[in-house]
Amino acid sequence: MKFVRLLAVCITVLGMSTFAMAGTLEDVKAKGYVQVGVNGDLFGFGKADENGVWKGLDVDCARAVAVAVFGSPDKIKFTPLTAKTRFTSLQSGEIDVLFRNCTQTLSRDTSYGLDFGVVNYYDGQGFLVRKDLGVKSAKELDGASICVLPGTTTEMNVADYFRSNGMKMNPVVIENTAELNKAFFAGRCDALTSDASQLAGQRAVAPNAKDYVILPDIISKEPLAPAVRHGDNKWKDIVNFSVLALINAEELGITSKNVDEMLKSTNPKIQRFLGVTPGNGESLGLDEKFAYNIVKMVGNYGEVFERNVGVNTQLGIERGLNALWTDGGLMYSPPFK
């Protein structure tokens, strides 16, 4: 019996090692596209439009990876995943990288066989309620029914919040995001709790969106980041510096509109970043112009943010923590050198 258990452990470890190699740069190049796990039903972050075109902040960050590898944002395929299936799909090798508004936590980073990359959106958990409920603060929700997704940091956070404030709640737990939203907007629960960005996205596409309000209370830290399989260091570097290229471009004042003109800059930081001075691409196993291509085809982080979730979109989200560090936010890129 001990031998059987030992054999099972060895097979499991071997299987995970095999999958850890499945997302390498060489394997992605061999199949000709990047397979990306996304939300699939979150407006502003990951959702296909009526023409089947994928759009959103997470989608654009994923396209930056495809551009880095292939020089094209179209060498990519999207797999919509639920909160329950997102990590197992990455572990099994079904996808190469996960861009699905996932919170990095200690347990996920250490127990799931995953590595999280650089944060591409700083968020926090909040509550969405009907205006006619007359609630101004989450602390007025004692005894309320709360719609929440199972198997998420959201579920644990809301339980902790109510318990720590001496309040009671009646959880309405539904696994599918779309069905959970339907339940809330149909009046089955008093409040819907999730990351504030998700609440904004869900409200934006809801019937009678103006009838709902996101409460000002933020009850958690939610650093949302892409994830790859543990041990796939080369691939993690590429995913990281693809996202960081978006941020660094904004720091340097490089946009999709002026990037060609910036090729003529005498600033050594810009020369290195855009590949005029070689070295960065070779270090990552990519084309020297990978960062130039990302900015040209996807934009910088500010452009990505504003066109998907910014103040002039249906979501109307201000930069806040997602502003550059020079503007009081947390977005900060290490040097490209």
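The values are calculated or read from the model by the stated rules, or taken from the named source; none is laboratory data. Note that this is a predicted model, so its numbers are computed, not measured. Because the Cβ atoms are built from the backbone with ideal geometry, glycine has one as well, and the counts that use them run over all protein chains shown.
Quick one: in the stretch 138-152, which of the residues that are modelled with pLDDT of 95 or more and part of a loop (DSSP other than H, G, I, E, B) is surrounded by the fewest Cβ atoms within 10 Å (Cβ to Cβ)?
Checking each candidate, the answer is GLY143.
Take the stretch 108-142 and flag every residue that is among the charged types (D, E, K, R) and either in the same structural domain as LEU321 (by TED's automatic domain parsing) or within 23 Å of CYS61 (Cα to Cα) (or both).
Result: ARG108, ASP109, ASP115, ASP123.
Test THR177 against the stated conditions and say whether it is under 25 Å from LEU98 (Cα atoms) and either crowded, with 21+ Cβ neighbours inside 10 Å or assigned by TED's automatic domain parsing to the domain that holds PHE87 (or both).
For THR177, the condition - under 25 Å from LEU98 (Cα atoms) and either crowded, with 21+ Cβ neighbours inside 10 Å or assigned by TED's automatic domain parsing to the domain that holds PHE87 (or both) - is not met.
Is it the case, given these coordinates, that ILE219 is among the aliphatic types (A, V, I, L, M), within 28 Å of SER111 (Cα to Cα) and over 16 Å from the mean Cα position of the chain (by Cα)?
Here the answer is yes, as ILE219 does meet what is asked.
Looking at the stretch 291-306, is at least one residue exposed (fewer than 15 other Cβ atoms within 10 Å of the Cβ) and more than 20 Å from the chain's Cα centre (by Cα)?
no
Test each condition in (1) surrounded by 20 or more Cβ atoms within 10 Å (Cβ to Cβ); (2) modelled with pLDDT under 95 for THR105 and report the one that comes out false.
(1)
Please pick out the residue among ARG188, ARG163 that is within 24 Å of LEU106 (Cα to Cα), more than 24 Å from the chain's Cα centre (by Cα) and either in the same structural domain as ASN101 (by TED's automatic domain parsing) or of a type outside the set (Phe, Trp, Tyr) (or both).
Being within 24 Å of LEU106 (Cα to Cα), more than 24 Å from the chain's Cα centre (by Cα) and either in the same structural domain as ASN101 (by TED's automatic domain parsing) or of a type outside the set (Phe, Trp, Tyr) (or both) holds for just one of ARG188, ARG163, which is ARG163.
Contact list please: Cβ distance under 8 Å, first residue in the stretch 27-38 and touching a residue at least 12 places away in the same chain (Cβ under 8 Å) and hydroxyl-bearing (Ser, Thr, Tyr), second residue buried (at least 22 other Cβ atoms within 10 Å of the Cβ) and not in a strand (DSSP E or B), pairs at least six apart or on different chains.
TYR33/ALA66
Can you tell which of VAL135, VAL172 is assigned to a loop (DSSP other than H, G, I, E, B) and farther than 14 Å from ILE219 by Cα?
VAL135
Quick one: SER111 ticks every box in (1) surrounded by fewer than 16 Cβ atoms within 10 Å (Cβ to Cβ); (2) of a type outside the set (Lys, Arg); (3) at pLDDT 95 or above except a single one, so which number is it?
Result: SER111 fails condition (3) only.
Quick one: which of LEU252, LEU244 is within 18 Å of PHE70 (Cα to Cα), assigned by TED's automatic domain parsing to the domain that holds VAL65 and at pLDDT 95 or above?
After ruling out the rest, the residue left standing is LEU244.
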